[in-house]
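Step one of this worksheet: look at the structure below.
The values are calculated or read from the model by the stated rules, or taken from the named source; none is laboratory data. If you're wondering where the values come from, they're calculated on a predicted model, not measured in any experiment. Neighbour counts are summed over all protein chains in view; Cβ atoms, including those assigned to glycine, are modelled from backbone coordinates with ideal geometry.
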Amino acid sequence: MKYIKPILLCIICGFSMGLFLYSSYEKKDAIKPVFENKEKLYFLKVGTYKTENEMTQSLKNTSNYIYRIKDNNYIAYLAITNKYENIEKIKGYFKKMGYIVSEEEIYIENSSFIEILSTYDEMLMNTEDDKVIENIIIGVINKYKETFNE
């Protein structure tokens, strides 16, 4: 008899704690993550255009670019890196091709893309060969298009 009261008390406490936790998870919209897994990436921008046709005409010498629409303008990017040290190398490569690029910081949350980009960036840091640089840039842009369905 002396063990029944503590057992019943434990069951009641466990049941009420379970209901409390369950009800808090039902309201998932109210739960906000403690931290966001976004990482700063450097997108190398080649230009901002008023129309898609203007953009494609300007970039007719290359087919490997991505763009986004912001404020009714088409912003075209030729490369992506997450290492600041690679920006000048990429700028130099595109300068040889006749493009002037500038970097823009954009935060991305896709961890699988960031992991692949880090691998490409390591390869980019260890080369000076223009053909290898070109293949790395093409690989990154294609992976971005594949990951984000563009």
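Does residue 70 fit the bill of being surrounded by 16 or more Cβ atoms within 10 Å (Cβ to Cβ), closer than 25 Å to residue 38 by Cα and modelled with pLDDT under 95? Reasoning before the result, please.
On the way: surrounded by 16 or more Cβ atoms within 10 Å (Cβ to Cβ): no; closer than 25 Å to residue 38 by Cα: yes; modelled with pLDDT under 95: yes.
For residue 70, the condition - surrounded by 16 or more Cβ atoms within 10 Å (Cβ to Cβ), closer than 25 Å to residue 38 by Cα and modelled with pLDDT under 95 - is not met.
Return yes or no: is residue 45 surrounded by fewer than 16 Cβ atoms within 10 Å (Cβ to Cβ) and either out of contact with any helix residue (DSSP H, G or I) (no Cβ under 9 Å at 6 or more places or on another chain) or in contact (Cβ under 8 Å) with a residue 12 or more places away in the chain (or both)? Full working, then the answer.
Numbers: surrounded by fewer than 16 Cβ atoms within 10 Å (Cβ to Cβ): no; either out of contact with any helix residue (DSSP H, G or I) (no Cβ under 9 Å at 6 or more places or on another chain) or in contact (Cβ under 8 Å) with a residue 12 or more places away in the chain (or both): yes.
No: the conditions fail for residue 45.
Just one of the listed residues (143, 131, 40, 83) is over 15 Å from the mean Cα position of the chain (by Cα) and either among the acidic types (Asp, Glu) or surrounded by fewer than 19 Cβ atoms within 10 Å (Cβ to Cβ) (or both), and it is 131.
Take residues that are closer than 21 Å to residue 148 by Cβ and tell me which of the helices (runs of 4 or more DSSP H) falling wholly in the range 32-138 contain 2 or more. Write out each step before concluding.
Values: elements: 52-58, 87-96, 111-125.
The qualifying helices (runs of 4 or more DSSP H) are 52-58, 111-125.
Among the residues of the range 63-78, the ones that are on the phi > 0 side of the Ramachandran plot and touching a Lys or Arg at 6+ places or on another chain (Cβ under 9 Å) come to 1 in all.
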